[in-house]
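Peer 1: This is the structure I want to talk about, given as structure tokens.
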Amino acid sequence: MSIIFFMIGISLLMALGFLGAFFWSMKTGQQDDLYTPSIRMLLDDDVPTTAETQSNA
Amino acid sequence: MSTATISSTICYHCGNDCPDESIVFDDKPFCCDGCKTVYSILSQHQLCQYYDIEQLTGSDQSRPGQSRPGNSQKIDNARQTRLEFLDHPDIVAQLLEFSSESVAKVTFYIPTIHCSSCLWLLEHLYRLNSAIQQSRVDFLKKQVHLTYNPAELSLRQVVELLSSIGYEPLISLNDVIQAGQKTSNRPFLYRLGIAGFCAGNIMLFSFPEYLGLDDPSFKHIFGILNLLLAIPVVFYSASGYFESVWASLKKGVINIDLPILMGILVAFFRGTYEVLFLDGAGYFDSLTGLIFFLLCGKWFKQRTHEFLSFERDYKSYFPMAVTVVEHGARSSIPLAQLRKGDRIRVRNNELIPADGLLYKGEGMIDYSFVTGESEPEPKQPGALVYAGGKQVGEAIELEVVRDVSQSYLTQLWNNDAFQKKDTSRIHTFADAVGTYFTVTVISLATLVGLYWYAHHDPARAINAFTAVLIIACPCALSLSYPFALGNGLRLLGKRHLYLKNADVIEQMAACDTIVFDKTGTLTTPQQAVVERFDKLLSPMKRGMIVSLVRQSVHPLSRKLTTYLSNDVPLSVDYFTEVPGHGIQALVDGLIVKIGSRSFVDSAVCEDTGREEAPTEARTYLSINHLYRGYFGFPNQDRSGLEPMLTNLRETHQLYLLSGDNDHAQTELTRLFPKSGQMHFNCRPEEKLAFIKHLQENGRRVMMVGDGLNDAGALKQADVGIAVTDNTIQFTPASDAILEADSLVQLPNMLNYTQFGMRLIRFSFVVSLVYNFIGLSYALTGHLSPVVAAILMPISSATMLAISTLGMRWRKF
């Protein structure tokens, strides 16, 4: 049963990993604005200038 | 000449109706040069996707705010000179958040952001100018964060770039003063995260205890782990309770947080003792779970309407810089350097920052920010002009007679009401309960401890003493409060009453007196127009009028344009606008004049026109020097006012304060029948004093107002509600912002807040029942961790259910 000590250690480390991830996301401001990304992801990226359109313009 | 064309073409850019001679560019119609310029900039940089993202459906006249920005350009062509102040190094340094040789960061508030097209365009600014490295939009706050290269682009050029595509940032004095004191809820979320993490793991390690597994070696190691995990929760996550209790004890008050903190600390130290010396389990699972729930409640309550600002004062719309005229030369200086005696130049649509004497130009001062009255007041040279007004028309020059902070309006902010914090507000239910509760719990715990000590059982005495403190922790009240009020805040927000924070609900419920402002609050300068002509106007004449007024940006002209929008405009020659007087032009061979009485009708000299003292704004009309009559713009009572006031009269005392003269008194007597309810000619300080007087007589006062002249009264009142037609517009500092259309809902909203407080009292009674059950265990000294671990979540869940479901089910 002493394996359980090892497993508890692993589980705590994993949990700490997630806590670290949460802190990182806070620190980089990912939780600051939760609304704008929901619109931003709907906007397509387009290719700005191709040779064809340039010649037309 | 008289070819009438029905304009049904819609501007490709902004979606407004195009005038008859529409500007065609790239096979697309445009309503003005401004829109055309924006389009040409965008098409040059391959940014026309802008037009595909959010399609405009025809001319959206019902929602004029929804059109794409750009049409503002036809109004502002003096912008270039207006932005001169951005070259001033002091101002640049104050605005920039970060700057180095090659990178500068700045955040602008852009009120015109409203759709995904705006978002897309603003985030593609780098294509318009490569010196802009990054732009990120915060949609709800209507802000854009820009990173650019200051070596290639100056701050002024950045603002000019934004303005050129119609997104002119609003830069006010407030940006400078509040820079660097942004509040963030990040520290709070760290605490919440830690508490959730530790509580979850402790619960995991407590499973052997719940299941009755009794292996002593596990028990010890789990106990130690739980203890280690609980330390950050108690001393970091719950540190807010230490601060709150310390702050209130310093003031000699016992608040509801004291018994909570006692429960937390006693449970923690007793658990530590049990784990270290008795090989017991401790109460760490209940303890950390409780703290996590409490923090969740606080977080729920804290999340408010971020896109609104409740702290605005005059600073947030005063300009950062003014143009000073010295020996004929103009220069921009920061507002803080403006001194008495300086001569300043105020252009069209600029704000007058300090009281001054008008010495050059015709003043037309729009005091709508101050009084809610939207019609501009004409001023002649030599007149004293108060700060806070906006000049409409030609540029004027003023000599400053008082410093900015000493001006008529701004000195209101020197009043005591703005110095003190919100401590004098109504004593809350939680505070009242907190005192009694704490005293009862401590005496009960002591009595029980003494009882067992007297029976020669000191171990049990300590057990019972601590168990009472743990179990009687009023966590239920601290949970039902934030959840009930938080839900209330959200629901009221859906009804367009935006509260500054959830506690305002309790203040609203306790109010017994309501004071209304008149202009802009109870009455509104609506689009209604009355025609007073000897003969009815023919469609032809209406066409003449509309073709004239739509050339002008004067507020009355714009109102008339909307009013006459069904009439067919004619073509116009020799259009001239005489600022402060009126407009005239040749239409169909006839001279049409629209404007003040003396302007249109030379037979009337200016004085007789004034003797009438009209109760409403008027604009007069003459055709070929023949006076025809006038259009009146009466201030109207908002609809549904009478039933609302009748409703409120049953429960509250009502008063009316007005800055106007009493010409509307007879009309309002119907709404405020009792004598002494109406007060006219109130100056801003008098309004404040009136509220103070009511409060000294023991009334709890709610003030409903709109303009800056109500700011003092709104601040002094127990609850200040700012009424606005448009939440993006300026609103004075207040506890709540109410959209004008929802004003008639006020009685229902007040009922709802009172219901919320009843619900909280009810849930408090329920929690007392739980406490009695728990106490029956505690008194005997047998509070096992398992019982605590069951009772705590059950009572918390009940509180959550009562407060959330109750507040959501109640319809209003």
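Peer 1: Could you tell me which numbered condition B:Ala432 fails, if it satisfies all but one of (1) at pLDDT 80 or above; (2) surrounded by fewer than 19 Cβ atoms within 10 Å (Cβ to Cβ)?
Peer 2: The failed condition is (1).
Peer 1: Please count how many residues of segment A:1-22 are within 11 Å of chain B (Cβ to nearest Cβ), more than 14 Å from B:Phe205 (Cα to Cα) and of a type in the set (A, V, I, L, M, F, W, C).
Peer 2: Matching residues across segment A:1-22 total 7.
Peer 1: Here is a follow-up. So B:Phe218 ticks every box in (1) surrounded by 17 or more Cβ atoms within 10 Å (Cβ to Cβ); (2) more than 28 Å from the chain's Cα centre (by Cα); (3) within 13 Å of chain A (Cβ to nearest Cβ); (4) modelled with pLDDT of 80 or more but one. Which box is left unticked?
Peer 2: (4)
Here's the yes/no breakdown for (1) more than 21 Å from A:Gly29 (Cα to Cα); (2) in contact with an Asp or Glu (Cβ under 6 Å, 6 or more places away or on another chain); (3) not in a loop (DSSP other than H, G, I, E, B):
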{"site": "B:Pro111", "(1), (2), (3)": "yes, no, no"}
{"site": "B:Trp120", "(1), (2), (3)": "no, no, yes"}
{"site": "B:Tyr126", "(1), (2), (3)": "yes, no, yes"}
{"site": "B:Pro150", "(1), (2), (3)": "yes, no, no"}
{"site": "B:Leu162", "(1), (2), (3)": "yes, no, yes"}
{"site": "B:Gly166", "(1), (2), (3)": "yes, no, no"}
{"site": "B:Pro169", "(1), (2), (3)": "yes, no, no"}
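Peer 1: Something else: Would a scan of segment B:464-481 turn up a residue that is assigned to a loop (DSSP other than H, G, I, E, B) and under 26 Å from B:Ser734 (Cβ atoms)?
Peer 2: There is no residue in segment B:464-481 that is assigned to a loop (DSSP other than H, G, I, E, B) and under 26 Å from B:Ser734 (Cβ atoms).
Peer 1: Continuing with this model, one more query. Output the residues belonging to segment B:221-260 that are among the β-branched types (Val, Ile, Thr), surrounded by 22 or more Cβ atoms within 10 Å (Cβ to Cβ) and touching a Gly at 6+ places or on another chain (Cβ under 7 Å). Walk me through how you get there before you give the answer.
Peer 2: Here is the first cut: in segment B:221-260, the ones among the β-branched types (Val, Ile, Thr) are B:221, B:224, B:231, B:233-234, B:245, B:253-254, B:256, B:260.
Adding the requirement that they be surrounded by 22 or more Cβ atoms within 10 Å (Cβ to Cβ) leaves B:233-234, B:256, B:260.
Answer for segment B:221-260, where residues must be among the β-branched types (Val, Ile, Thr), surrounded by 22 or more Cβ atoms within 10 Å (Cβ to Cβ) and touching a Gly at 6+ places or on another chain (Cβ under 7 Å): just B:Ile256.
Peer 1: Somewhere in segment B:454-462, is a residue of a type in the set (Gly, Ala, Ser) and either in the same structural domain as B:Leu738 (by TED's automatic domain parsing) or not in a helix (DSSP H, G or I) (or both)?
Peer 2: Checked against the condition, which is being of a type in the set (Gly, Ala, Ser) and either in the same structural domain as B:Leu738 (by TED's automatic domain parsing) or not in a helix (DSSP H, G or I) (or both), segment B:454-462 yields no hits at all.
Peer 1: Mind checking which residues of segment B:252-264 are touching a residue at least 24 places away in the same chain (Cβ under 8 Å) and not aliphatic (A, V, I, L, M)?
Peer 2: B:Asn255, B:Asp257, B:Pro259, B:Gly263
Peer 1: Select from segment B:192-202 the residues that are more than 8 Å from chain A (Cβ to nearest Cβ) and either under 41 Å from the mean Cα position of the chain (by Cα) or surrounded by fewer than 19 Cβ atoms within 10 Å (Cβ to Cβ) (or both) and list them in ascending order.
Peer 2: Once the filter is applied, which keeps residues that are more than 8 Å from chain A (Cβ to nearest Cβ) and either under 41 Å from the mean Cα position of the chain (by Cα) or surrounded by fewer than 19 Cβ atoms within 10 Å (Cβ to Cβ) (or both), segment B:192-202 yields B:Leu192, B:Ala195, B:Gly196, B:Cys198, B:Ala199.
Peer 1: To continue, here is another question. Could you list all residues from segment B:231-282 that are small (Gly, Ala, Ser) and not in a loop (DSSP other than H, G, I, E, B)? Quick ask: steps written out before the conclusion?
Peer 2: Taking segment B:231-282 as the starting set, the residues that turn out to be small (Gly, Ala, Ser) are B:237-240, B:244, B:247-248, B:252, B:263, B:267, B:271, B:280-282.
Listed by number, the residues that qualify are B:Ser237, B:Ser239, B:Gly240, B:Ser244, B:Ala247, B:Ser248, B:Gly263, B:Ala267, B:Gly271.
Peer 1: Output the residues belonging to segment B:128-148 that are closer than 18 Å to A:Thr36 by Cα, in a loop (DSSP other than H, G, I, E, B) and more than 9 Å from chain A (Cβ to nearest Cβ).
Peer 2: B:Lys142
Peer 1: On to the next question. Can B:Gly180 be described as more than 11 Å from chain A (Cβ to nearest Cβ), assigned to a loop (DSSP other than H, G, I, E, B), crowded, with 21+ Cβ neighbours inside 10 Å and modelled with pLDDT under 85?
Peer 2: no
Peer 1: Is it fair to say B:Pro259 is in contact with a Cys (Cβ under 7 Å, 6 or more places away or on another chain), more than 14 Å from chain A (Cβ to nearest Cβ) and closer than 28 Å to B:Val787 by Cβ?
Peer 2: yes
Peer 1: Sticking with this structure for a sec: Looking only at segment B:264-278, decide whether some residue is touching a Pro at 6+ places or on another chain (Cβ under 7 Å) and farther than 16 Å from B:Ser480 by Cβ.
Peer 2: no
The values are calculated or read from the model by the stated rules, or taken from the named source; none is laboratory data. Just so you know, these numbers come straight off a predicted model, no measurement behind them. Neighbour counts run over all protein chains shown; Cβ positions are idealised from the backbone, glycine included.
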